[in-house]
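K.L.:
Can you read through this structure? Questions will come right after.
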Amino acid sequence: MLNRKNRLLLYKLLSLFSVVRGYNILMITLAQYLASIFILSPDLPLSQVVFDINLFIIVTASALVIAGGYIINNFYDAEKDLINKPTKSMLDRLVSQRFKLTTYFILNFAAAFLASYISFRAVLFFSAYIFGIWLYSHKLKRIPFLGNIVSAILAIAPFFVVFVYYRNFETVIFFHALFLFLLILARELIKDLESMAGDLAQNYKTLPILYGPRMSKLIIGILIVLTLVPAWLLTNQFDVGYMYFYFGASSLLLVIFIFLLWKAKSKKDYVWLHNILKLIIISGVFSILLIDVDLVLNRIL
């Protein structure tokens, strides 16, 4: 049995893990490695990619900056989250705001220090990434639609840096990135519909507050239809192996999503829609393995 002091320490660790959304960071790290192995450098030996110290530093620095980003976002959204996410907010508050800010600066400094091992350009990239996340959390997220676009760009930035590292500029990678970007942008807009109560209380000028849920639904619907375009192209114009099963299933889910979107009225409905998009994004990470099953087996066996 844990004593009171150890229980409190455990709760604080869980609180910090909740603040930095450790599960999201683990998923992004996995996605960066899978994309590096099976999309960006399919001709390189597995060991050369997995044990590449520069790639490890890029992925680690990305994770540190993202963790810091979640902390600063949590810091600015503390009051809003009390309304929109009361249970999670109470857990997050087990860690003081001062400790969160201290951790934020330590994480960002560590990321920049690691990046200096690679090159000065890497330091510039991660410094710009850190600044972009802070600017978004402090100012841009309050600007309708622009804040959503910036958030989606920041979400795919960790994949962009790996893309540049391998200097793989094939068209198929652009369509993979476009598919992911449109999904994330649609998800950001759904989150605005979820959090209308807190946004209204904190005077956030989001799309559903300024123009109403109907206009937001229309824009989200257009984004989902646009998402079907790169999905179709990736399936029919490029060799994505068995990943066409993923794009086929995702397209079907997105059609159902549009139908449910127009019927949605309550926060519960929007949470379900958010989870559908989250499922598609997470499934996409693991479906990377389907691009070349033989390649997977050859690299593992």
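K.L.:
Considering (1) surrounded by 12 or more Cβ atoms within 10 Å (Cβ to Cβ); (2) at pLDDT below 90; (3) in a helix (DSSP H, G or I), say which one ARG7 fails and leave the rest.
P.N.:
Every condition holds for ARG7 apart from (1).
K.L.:
Just checking, how many residues over the range 114-131 are more than 17 Å from ALA177 (Cβ to Cβ) and either touching a residue at least 24 places away in the same chain (Cβ under 8 Å) or buried (at least 21 other Cβ atoms within 10 Å of the Cβ) (or both)?
P.N.:
From the range 114-131, those more than 17 Å from ALA177 (Cβ to Cβ) are 114-124, 126-128, 130-131; that's our starting set.
From what is left, the residues that are either touching a residue at least 24 places away in the same chain (Cβ under 8 Å) or buried (at least 21 other Cβ atoms within 10 Å of the Cβ) (or both) are 114-115, 117-118, 122, 126, 130.
Number satisfying all stated conditions: 7.
K.L.:
Still on this structure: Scan the range 131-145 for residues that are among the aliphatic types (A, V, I, L, M) and outside any helix (DSSP H, G or I) and report the count.
P.N.:
Pass one, the range 131-145, residues among the aliphatic types (A, V, I, L, M): 133, 135, 140, 143.
Restricting the remaining residues to those that are outside any helix (DSSP H, G or I) gives 143.
Within the range 131-145, residues that are among the aliphatic types (A, V, I, L, M) and outside any helix (DSSP H, G or I) number 1.
K.L.:
So which residues in the range 199-209 are surrounded by 19 or more Cβ atoms within 10 Å (Cβ to Cβ) and part of a helix (DSSP H, G or I)?
P.N.:
Just the residues of the range 199-209 that are surrounded by 19 or more Cβ atoms within 10 Å (Cβ to Cβ), to begin with: 199, 204, 206-208.
Residues satisfying the conditions are ASP199, LEU207, PRO208.
K.L.:
If you go through the range 141-160, how many residues are surrounded by 18 or more Cβ atoms within 10 Å (Cβ to Cβ) and over 15 Å from the mean Cα position of the chain (by Cα)?
P.N.:
Final tally of qualifying residues: 1.
K.L.:
Take ILE25 and tell me if it is touching a helix residue (DSSP H, G or I) at 6+ places or on another chain (Cβ under 7 Å), in a helix (DSSP H, G or I), at pLDDT 90 or above and among the β-branched types (Val, Ile, Thr). Break it down stepwise before answering.
P.N.:
Working: touching a helix residue (DSSP H, G or I) at 6+ places or on another chain (Cβ under 7 Å): yes; in a helix (DSSP H, G or I): yes; at pLDDT 90 or above: yes; among the β-branched types (Val, Ile, Thr): yes.
Yes, satisfied.
K.L.:
So, in the range 260-281, exactly how many residues are among the hydroxyl-bearing types (Ser, Thr, Tyr) and either surrounded by 20 or more Cβ atoms within 10 Å (Cβ to Cβ) or at positive phi (or both)? Can you show your working first?
P.N.:
So the first thing to find is which residues in the range 260-281 are among the hydroxyl-bearing types (Ser, Thr, Tyr), and the list is 266, 270.
Subsequent filtering for residues that are either surrounded by 20 or more Cβ atoms within 10 Å (Cβ to Cβ) or at positive phi (or both) retains 270.
Counting residues in the range 260-281 that are among the hydroxyl-bearing types (Ser, Thr, Tyr) and either surrounded by 20 or more Cβ atoms within 10 Å (Cβ to Cβ) or at positive phi (or both) gives 1.
K.L.:
Which one of these does LEU207 not meet: (1) in contact (Cβ under 8 Å) with a residue 60 or more places away in the chain; (2) more than 17 Å from LEU185 (Cα to Cα)?
P.N.:
Answer for LEU207: the failing condition is (2).
K.L.:
Take ASN148 and tell me if it is farther than 30 Å from ASP199 by Cβ and polar (S, T, N, Q). Please lay out each step first, then the result.
P.N.:
Details: farther than 30 Å from ASP199 by Cβ: no; polar (S, T, N, Q): yes.
No: the conditions fail for ASN148.
K.L.:
Among the residues in the range 170-190, are any of a type in the set (Asp, Glu), modelled with pLDDT under 95 and part of a helix (DSSP H, G or I)? Steps first, please.
P.N.:
First, pick out the residues of the range 170-190 that are of a type in the set (Asp, Glu): 170, 188.
In the following step, the residues that additionally are modelled with pLDDT under 95 were identified as 170, 188.
Still in the running and part of a helix (DSSP H, G or I): 188.
Checked the range 170-190: at least one residue is of a type in the set (Asp, Glu), modelled with pLDDT under 95 and part of a helix (DSSP H, G or I).
K.L.:
Further question on the same structure: Which one is surrounded by the fewest Cβ atoms within 10 Å (Cβ to Cβ), of the residues in the range 214-259 that are of a type outside the set (A, V, I, L, M) and assigned to a loop (DSSP other than H, G, I, E, B)? Before the answer, list the steps.
P.N.:
Of all residues in the range 214-259, those of a type outside the set (A, V, I, L, M) come to 214, 216-217, 221, 227, 230, 232, 235-239, 241-242, 244-248, 250-251, 257, 259.
Keeping just the survivors that are assigned to a loop (DSSP other than H, G, I, E, B) gives 237-239, 241-242.
Details: GLN237: 12, PHE238: 17, ASP239: 10, GLY241: 18, TYR242: 12.
The selected residue is ASP239.
K.L.:
Sort through SER15, SER36, SER47 and tell me the only one that's among the hydroxyl-bearing types (Ser, Thr, Tyr) and either within 30 Å of TYR76 (Cβ to Cβ) or modelled with pLDDT under 80 (or both). So that I can check it myself, show each step before the final result.
P.N.:
Details: SER36 fails: either within 30 Å of TYR76 (Cβ to Cβ) or modelled with pLDDT under 80 (or both); SER47 fails: either within 30 Å of TYR76 (Cβ to Cβ) or modelled with pLDDT under 80 (or both).
Result: SER15 is the single residue among SER15, SER36, SER47 that is among the hydroxyl-bearing types (Ser, Thr, Tyr) and either within 30 Å of TYR76 (Cβ to Cβ) or modelled with pLDDT under 80 (or both).
K.L.:
Follow-up. Scanning the range 115-150 for residues that are of a type in the set (A, V, I, L, M) and touching a Phe, Trp or Tyr at 6+ places or on another chain (Cβ under 8 Å), which turns out farthest from VAL19 (Cα to Cα)? Spell out the reasoning first.
P.N.:
As a first pass, look at the range 115-150 and keep what is of a type in the set (A, V, I, L, M): 115, 118, 122-124, 128, 130, 133, 135, 140, 143, 146, 149-150.
This time we only want the ones that are touching a Phe, Trp or Tyr at 6+ places or on another chain (Cβ under 8 Å), so: 115, 150.
On the way: ALA115: 24, VAL150: 21 Å.
If we take residues in the range 115-150 being of a type in the set (A, V, I, L, M) and touching a Phe, Trp or Tyr at 6+ places or on another chain (Cβ under 8 Å), then ALA115 is farthest from VAL19 (Cα to Cα).
K.L.:
Taking the range 29-64 as the region of interest, how many residues are among the aliphatic types (A, V, I, L, M) and crowded, with 20+ Cβ neighbours inside 10 Å?
P.N.:
Taking the range 29-64 and keeping what is among the aliphatic types (A, V, I, L, M), we get 30-31, 34-35, 37, 39-40, 44, 46, 49-50, 53, 55, 57-59, 61, 63-64.
From what is left, the residues that are crowded, with 20+ Cβ neighbours inside 10 Å are 31, 35, 37, 39-40, 55, 58-59, 61, 63-64.
The number of residues fulfilling the criteria is 11.
The values are calculated or read from the model by the stated rules, or taken from the named source; none is laboratory data. Predicted model only: the values in this text are computed from it and were never measured. As a convention, Cβ positions derive from the backbone with ideal geometry for all residues, glycine included, and neighbour counts pool all protein chains shown.
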